[in-house]
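Okay, structure first, notes after.
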Amino acid sequence: MDKFSWSDPPSQVAFPVAKAGYPLIFASAFTTGVFALLGLTVPALIGLAVTFFICYFFRDPDRVIPKNYGAVVSPADGKVIIAGQEDSSPFFEGRCQKISVFMSIFNVHVNRIPHEGEVERVSYYPGKFFSANLDKASRDNEHNAIFLKTGDGRKICVVQIAGLIARRIICKLQKGDRVACGERLGMICFGSRLDIYLPDDADLNVAVGDKVKAGTSILGYLRHEKKEKN
């Protein structure tokens, strides 16, 4: 039995870039070209560096997804800043397990589905822009909450949270969509955070300080499914 799968078709280019980055890359490259034609060496070199950084920021590498039974994979690249039980949350009914992943500007910012299921609803909130590593960012910052239901009715919520300099949350999902584990769901531009809410009886597989990758790192397991033996 295969232990890994592709949730999305692999890219046909060596350095895949998210489509959301194309306008910024083209604008920066055009400006750099104008500076070069005018003989403005220093601005042209700065523009070239900015163009390369934008390409780097919007990189969208392919990921193979682990097929461990009941696995919940990370929806984002970054560092785990919260991992544990919460008594209540506006994003989950009753007690739950919460995992927060902080993304710096150097992380891949494409977000992925943590577990296969159906999108019950998508809720956007136009809030503030506190630093994403603060506790109050979960409730006060601009955010987009995606509520998922697994095949046997378990609930999962993924919340895309804008950060101090992030000003655009992208989400392609709509109510009723059927999604696969590890499938791309959108991205947040320029530094941000994702919160994941799991049922209270989920077994966590990460701790605060762990580095994780979207689609490949297993955050935990849902109890309703038997874990696959290694």
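The values are calculated or read from the model by the stated rules, or taken from the named source; none is laboratory data. Owing to the predicted nature of the structure, the values given are computational and were not obtained by experimental measurement. All Cβ positions, glycine included, derive from the backbone under ideal geometry; neighbour counts span all protein chains shown.
What the table below lists for this structure:
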read-out	value
Close pairs from segment 40-56: first part of a helix (DSSP H, G or I), partner of a type in the set (A, V, I, L, M), Cβ under 7 Å, at least 6 apart	Ala44/Ala36; Thr51/Ile25; Thr51/Ala29; Ile54/Leu24; Ile54/Ile25; Cys55/Val17; Cys55/Ile25
Residue that is farthest from Ala71 (Cα to Cα) [pool: residues in segment 1-13 that are hydroxyl-bearing (Ser, Thr, Tyr) and assigned to a loop (DSSP other than H, G, I, E, B)]	Ser11
Which listed residue is in the same structural domain as Ile146 (by TED's automatic domain parsing) and among the acidic types (Asp, Glu), from Asp62, Asp77, Asp8	Asp77
Segment 140-186: number of residues that are modelled with pLDDT of 90 or more, within 16 Å of the chain's Cα centre (by Cα) and basic (Lys, Arg)	2
Count of segment 189-206 residues which are touching a Cys at 6+ places or on another chain (Cβ under 9 Å) and either within 11 Å of Gln160 (Cβ to Cβ) or not in a loop (DSSP other than H, G, I, E, B) (or both)	5
Hits in segment 103-115 (condition: assigned to a loop (DSSP other than H, G, I, E, B) and buried (at least 17 other Cβ atoms within 10 Å of the Cβ))	Asn107, Val108, His109, Ile113, Pro114, His115
Residue within segment 30-51 that is over 15 Å from the mean Cα position of the chain (by Cα), within 28 Å of Gly215 (Cβ to Cβ) and surrounded by fewer than 20 Cβ atoms within 10 Å (Cβ to Cβ) present	no
Unique residue being at pLDDT 90 or above and crowded, with 20+ Cβ neighbours inside 10 Å when the list is Ala214, Ala137, Ala207	Ala214
Residue within segment 14-26 that is surrounded by 16 or more Cβ atoms within 10 Å (Cβ to Cβ), in a strand (DSSP E or B) and not polar (S, T, N, Q) present	yes
Scan of segment 79-102 for residues that are in a loop (DSSP other than H, G, I, E, B) and of a type in the set (S, T, N, Q), ordered by number	Ser88
Hey, Ala76 within 18 Å of Met187 (Cβ to Cβ) and part of a loop (DSSP other than H, G, I, E, B) or not	yes
Hits in segment 15-73 (condition: modelled with pLDDT of 90 or more and of a type in the set (Ser, Thr, Tyr))	Tyr22, Ser28, Thr31, Thr32, Thr41, Thr51, Tyr56
